[in-house]
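Working notes, structure below.
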Amino acid sequence: MTEQFADSDRKIVSTSNYSARTHKVRIMKIQFDGKQAYQQEAVAAFTDLFEGQPLNQGDYSVTINAVNESAQNNLSLFAVELGAIGNNIALHQDTIYQNLVAIQEKNNLELIEREEFDKNGLNFSVEMETGTGKTYVYLRTIFELSQKYGFKKFVIVVPSVAIREGTIKNLEITAQHFKDLYNYIEFEHFVYGSKKGEFKQTAEK
């Protein structure tokens, strides 16, 4: 017996097997739908910001010259000491600004002025309503950025332990789905808590 329940971007498939001498066994498997148009548009609204960025094949780039004071403020002490810069953006800010305006025009949004863009820096947000699959979208955005531009390092910041645990669960249940979508890409995720020394590693390969 198979039952299916539609839920935004995923389907829950329940299969029951019967035996004369055993109890009923109920197996639950979540199937995600990767073809939701509005979710694909939300992902593109972010990835298109970096249109023109060359594909980076390495996990990180290593610089020989010392980084300047401004760059040090945006890099971790670890990265500065090693000279390693993850997800190095090769695009000029003019190009990113033009990409941003094109995305806003495409989605009928108010256009940002150049002065405001320069003031805000490279800080962007994609807003979605509750129940539309925000977690799925930002996780898929990570894989898209990796595939299109070779970005490897991502940080997900959440406001509470409950949301953190939910995010971890989503990473676990979507692992196979994203492997199928992105040619069995290898990835791993680390959990770092606000308390000093609170660190946990999990991996999906």
_Taking the condition of being among the aliphatic types (A, V, I, L, M) and assigned to a helix (DSSP H, G or I), how many residues in the range 114-159 meet it?_
4
*What pairs can you find where one residue is in the range 33-59 and under 16 Å from Tyr97 (Cα atoms), the other is modelled with pLDDT under 90 and of a type outside the set (Gly, Ala, Ser), and their Cβ atoms are less than 6 Å apart, with a gap of 6+ or different chains?*
Ala45/Val126; Phe46/Val126
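Looking at Ala162, Ala90, which is the one that is outside any loop (DSSP other than H, G, I, E, B) and open to solvent by 50 Å² or more (accessible area, probe 1.4 Å)? Spell out the reasoning first.
Details: Ala90 fails: outside any loop (DSSP other than H, G, I, E, B).
Step by step, each of Ala162, Ala90 is checked, and only Ala162 is outside any loop (DSSP other than H, G, I, E, B) and open to solvent by 50 Å² or more (accessible area, probe 1.4 Å).
Yes or no: the range 117-128 includes at least one residue that is open to solvent by less than 50 Å² (accessible area, probe 1.4 Å) and closer than 26 Å to Phe178 by Cβ.
Restricting attention to the range 117-128, the residues satisfying the condition of being open to solvent by less than 50 Å² (accessible area, probe 1.4 Å) are 117, 121, 128.
Narrowing further to those that are closer than 26 Å to Phe178 by Cβ: 128.
Yes, the conditions are met somewhere in the range 117-128.
Go through the range 129-141 residue by residue and tally those that are open to solvent by 40 Å² or more (accessible area, probe 1.4 Å) and touching a residue at least 12 places away in the same chain (Cβ under 8 Å). Outline the logic, then answer.
Step one: filter the range 129-141 for residues open to solvent by 40 Å² or more (accessible area, probe 1.4 Å), giving 129-131, 134-135, 138.
Filter again for touching a residue at least 12 places away in the same chain (Cβ under 8 Å), leaving 131, 135, 138.
Selection size over the range 129-141: 3.
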*Can you pull out the residues in the range 143-159 that are touching a strand residue (DSSP E or B) at 6+ places or on another chain (Cβ under 9 Å) and surrounded by 18 or more Cβ atoms within 10 Å (Cβ to Cβ)?*
Phe143, Ser146
*Of all residues in the range 165-178, which are open to solvent by less than 20 Å² (accessible area, probe 1.4 Å) and closer than 25 Å to Leu55 by Cβ?*
Thr174, Ala175, Phe178
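The values are calculated or read from the model by the stated rules, or taken from the named source; none is laboratory data. Everything quoted here is computed from the prediction, not taken from an experiment. All Cβ positions, glycine included, derive from the backbone under ideal geometry; neighbour counts span all protein chains shown. Protein only, heavy atoms only, side chains kept; ligands, DNA and RNA dropped before computing areas. Shrake-Rupley method; radii C 1.70, N 1.55, O 1.52, S 1.80 Å.
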